[in-house]
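A short write-up of the structure that comes next.
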Amino acid sequence: MPSDNTMSPSRRKLMQGATAGLMTAVAGHALAQSESSANATGTAGATAPVDPRGLYPHPPFPAQEQPWPGLAGRMTPRPDHGETSYRGTGRLNGRRALITGGDSGIGRAAAIAFAREGADVAIVYLPAEEPDAKEVVQFIRAAGQTAVALPGDIRSESFCQSLVNNAVQQLGGLDIVVNNAGRQQSHDSILDISTEQFDWTLRTNLYAMFWITKAAIPHMPPGSAIINTSSVNAYDPSANLLDYAMTKAAIANFTKGLAKQMIKKGIRVNAVAPGPFWTALQVTGGQTAENVQKFGEQVPMGRPGQPAEIAPLYVQLASAQASYVTGQVYGASGGAGNP
Ligand code: NAD
Ligand code: MG
């Protein structure tokens, strides 16, 4: 992490703003927006080039572990989901989005960005994640948009069907679906992965995506977008993430195949493949305790990404401006890229 002395004045101001706390961020939304025009994140409004190496915390990180599924609000340092920096320009005005895992991490950053771009947003999360979800709901409402909270377990097909129906009813329609919820648990050996664990990973990462997508498509008009969250693990599987990595490869494959079908309905289907991002997934069994402390060190950038740094890809893929983009997998992995 850059020391205070090496931070630009605008960066220091932003960091001070960030520590002022969430409620200030919600209440002072207009302030956050105007601050962002002077920020160094490059999320929006930046006029000068920004060196990405100097941004955000670098490893080593403090040792930490939370019981799964964990809370972003209890991580040290707190991930940056764009709460004080993301500035919309109306790119999703009038759109209606469903985001699974929208309480924390990458899904939360997408939810905040979508709302500030003018979309109404429904988020799905586990009941244990209510504290994170409540904050996201406040951010969506602070952006002047409708927020729908849908707690439940997507390993159930009937819940997946009902969550889509509820989103459609409460949003008044649906034209963006982000399949982003995920399960990742580190196991050193295949011999340590029980059938129950294997099933849990596949149900969360694959079956739920299949069920939610199937339930959503009949409601989605031409011009809609489906965005799935794959991973760099789809191409370069980590030895300790066998079951997880295979689901991420399947998600990329499903995305490409479904895109070929769905273009006949005018629906675009794409995926985002993140590298290491600083989220609750990693501190709740997704990585060994040792890997958490040096998280992101291995990529050329030398640090993990923050969710705020990947949300713009979701906005781009959801936006009508990406009208020729379908069947693609967009990476963001700090330099250790896709093939
Ligand atoms: P995260 O823990 O903040 O988000 C994952 C979310 O999945 C949770 O918030 C939870 O709401 C949801 N979820 C998990 N199981 C669920 C269930 N049974 N029912 C309902 N919801 C459930 O972590 P994240 O890193 O933001 O993860 C988002 C996506 O990004 C995941 O698909 C993950 O595989 C992918 N990804 C993350 C990284 C990374 O380094 N963080 C890298 C590549 C891909
Ligand atoms: Mg969460």
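Read the figures in this text as sums done on the coordinates, not as results from a lab. Here the structure is a predicted model, which is why all the values come from computation and not from measurement. Because the Cβ atoms are built from the backbone with ideal geometry, glycine has one as well, and the counts that use them run over all protein chains shown.
Rundown of residues vs (1) part of a helix (DSSP H, G or I); (2) within 11 Å of ligand 1 (Cβ to nearest atom); (3) within 24 Å of ILE112 (Cβ to Cβ); (4) without any contact (Cβ under 8 Å) to a residue 60 or more places away in the chain, yes/no style:
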site: PHE210; (1), (2), (3), (4): yes, no, no, yes
site: ILE217; (1), (2), (3), (4): yes, no, no, yes
site: GLY223; (1), (2), (3), (4): no, no, yes, no
site: ILE226; (1), (2), (3), (4): no, no, yes, yes
site: ASP236; (1), (2), (3), (4): no, no, no, no
site: ALA250; (1), (2), (3), (4): yes, no, no, yes
site: PHE254; (1), (2), (3), (4): yes, no, no, yes
site: GLY257; (1), (2), (3), (4): yes, no, no, yes
site: GLN287; (1), (2), (3), (4): no, yes, no, no
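Residues in the range 48-81 that are under 25 Å from VAL124 (Cβ atoms) and either more than 16 Å from ligand 2 (Cβ to nearest atom) or aliphatic (A, V, I, L, M) (or both): LEU71, ALA72, MET75. Of the residues making up the range 111-155, those that are crowded, with 22+ Cβ neighbours inside 10 Å, among the hydrophobic types (A, V, I, L, M, F, W, C) and within 13 Å of ligand 2 (Cβ to nearest atom) number 6. Among the residues of the range 305-321, is there at least one that is more than 16 Å from ligand 1 (Cβ to nearest atom) and among the charged types (D, E, K, R)? No, the range 305-321 contains no residue that is more than 16 Å from ligand 1 (Cβ to nearest atom) and among the charged types (D, E, K, R). When the range 156-165 is filtered for residues that are in contact (Cβ under 8 Å) with a residue 40 or more places away in the chain and crowded, with 17+ Cβ neighbours inside 10 Å, the ones remaining, listed by number, are CYS160, LEU163, VAL164.
Going by the conditions given, is GLU309 buried (at least 20 other Cβ atoms within 10 Å of the Cβ), of a type in the set (Asp, Glu) and within 24 Å of GLY54 (Cα to Cα)?
Values: buried (at least 20 other Cβ atoms within 10 Å of the Cβ): yes; of a type in the set (Asp, Glu): yes; within 24 Å of GLY54 (Cα to Cα): yes.
When the stated conditions are applied, GLU309 passes them.
Comparison of VAL292, VAL272, VAL315, VAL325 shows that the only residue that is among the β-branched types (Val, Ile, Thr), in a helix (DSSP H, G or I) and within 29 Å of ALA216 (Cα to Cα) is VAL315. Output the qualifying pairs, or none if there are none: Cβ atoms under 7 angstrom, residues six or more apart or on different chains, first residue in the range 103-129 and under 20 Å from ILE310 (Cβ atoms) and acidic (Asp, Glu), second residue part of a helix (DSSP H, G or I) and more than 6 Å from ligand 1 (Cβ to nearest atom). Close Cβ pairs (under 7 Å, with a partner that is part of a helix (DSSP H, G or I) and more than 6 Å from ligand 1 (Cβ to nearest atom)) amount to ASP103/ASP132; ASP103/ALA133; ASP103/VAL136; GLU117/VAL315.
Condition first: more than 17 Å from THR213 (Cβ to Cβ) and either of a type in the set (A, V, I, L, M, F, W, C) or in contact with a Pro (Cβ under 9 Å, 6 or more places away or on another chain) (or both). Now tell me which residues in the range 172-189 satisfy that.
First, the residues of the range 172-189 that are more than 17 Å from THR213 (Cβ to Cβ): 172, 183-189.
Listed by number, the list holds a single entry, ARG183.
When residues in the range 68-112 are screened for being part of a loop (DSSP other than H, G, I, E, B) and more than 13 Å from LEU281 (Cβ to Cβ), 20 of them pass.
Please go through the range 131-140 and give me each residue that is without any contact (Cβ under 8 Å) to a residue 24 or more places away in the chain and either within 13 Å of ligand 1 (Cβ to nearest atom) or farther than 10 Å from GLY102 by Cβ (or both), ordered by number. Please lay out each step first, then the result.
Applying the first criterion (without any contact (Cβ under 8 Å) to a residue 24 or more places away in the chain) to the range 131-140 yields 134, 137.
Selection gives LYS134 alone.
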